[in-house]
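Inspection log for the structure reproduced underneath, given as structure tokens.
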Amino acid sequence: VLLNEFLLLGAALFAIGVYGVLARRNGVMVLMSIELILNAVNINFVAFGAFHRTVVGQVFALFVITIAAAEVGVGLAIVLMLYRNRASIDLDQVDAMRG
Amino acid sequence: MVLGATMVAQHIAFGLIAAIVIIGALRVVTTNNVVHAALWLVAVLVGVGGSFVLVGAEFVGVTQLLIYVGAIVVLFLFGIMLTRAPIGREVHLTSRAWPLAIVVAVPIAGVLAYTLIDAYGADHIGDDTRQLTAQVSDSIFSTYLIPFEVVSVLLLAALIGAIVLARKE
């Protein structure tokens, strides 16, 4: 398999995730887009690990998966608190810190 | 001869996986239904896990399925339920400024693709890239022992933080 097939898949997934983070208004949808970005990173880790014949890529992919789980937990708690305080998770309305 | 057949099979499998991942990811960021987005996210995650298995990283692939599909997507569905997003079509999921997001995302994809093709144009991963799970665990529990322990402390901190944030006063 060509290395580039995996890297280009990762790049496409990353760009789609960036679009999602920027274009979505719903807090939960933004978190889902962040998951897409983290998955793109994992594809690169595993592909480069296989390319260089080392397990380090897999080890760091496992770390990223773990941290993604922690991130989703905290992120959803924040979204939940946002919903409780403002009865909406529309991120366009979250402007309390606007200067 | 057998090797050639394997390579063809690998390419077909990769093509299928890539199609599932790309279509699923596009649906995640474009669909107007939050629950459908979560289910398309499952398709993306399973596809990415399949690509891990394809390069011989079966432990990471299985972990991907267990943690992402088993835990994170369930968390997302709970988040959707608790924030009472209407089940069904919802028109205000995408910001009015979405063309600007395309203006950002398409150049990112273009620059990344150009750089990758320029740098790794014809590099092959190789046919036998299997790495034993035992090697992965040896690496985690020797070279990367300290990062591993730090990650477990981070998980504990995230757990406590999520409970404190989500708890009713």
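Every read-out reported here was derived from the displayed coordinates using simple, explicitly stated rules and does not represent laboratory data. Computed from a predicted structure; not experimentally measured. Neighbour counts are summed over all protein chains in view; Cβ atoms, including those assigned to glycine, are modelled from backbone coordinates with ideal geometry.
Some notes on this structure:
- Centre-to-centre separation between the Cα atoms of segment B:8-44 and those of segment B:124-169: 26 Å.
- Between B:VAL150 and B:HIS92, the modelled labels are 4.2 nm apart [label points 7 Å from Cα along Cα→Cβ].
- Rg to Rh quotient for chain A, alpha carbon positions, Kirkwood Rh: 1.10
- Residues whose placed amide H lies under 5 Å from that of A:ARG24, excluding near-sequence neighbours: B:SER95
- Taking a span of 15 Å or more along the helix axis (Cα atoms) and a mean Kyte-Doolittle hydropathy of at least 1.6 as the rule, the DSSP H helices of chain B that qualify are B:2-30, B:34-54, B:98-120, B:145-166.
- Its residue count N fixes a reference of 2.2 N^0.38 Å for the protein assembly as shown, and the Cα radius of gyration divided by that reference is 1.05.
- Average Cα contact separation per residue, chain A, under 8 Å, 6 or more apart, as relative contact order %: 28 percent
- Helices in chain A, meaning DSSP H runs of at least 4 residues, each add -39500 (n - 2.57). Divided by all residues, the mean residue ellipticity at 222 nm is -27500 deg cm²/dmol.
- Within a Gaussian network of chain A (alpha carbon springs, distance under 10 Å), most fluctuating of A:GLY27, A:GLY49, A:GLY73: A:GLY73
- For chain B, alpha-carbon Rg relative to the globular expectation (2.2 N^0.38 Å, N residues): 1.31
- Between helix A:56-86 and chain A: long-axis angle, C-alpha atoms, 0 to 90°, nearest 10: 10 degrees
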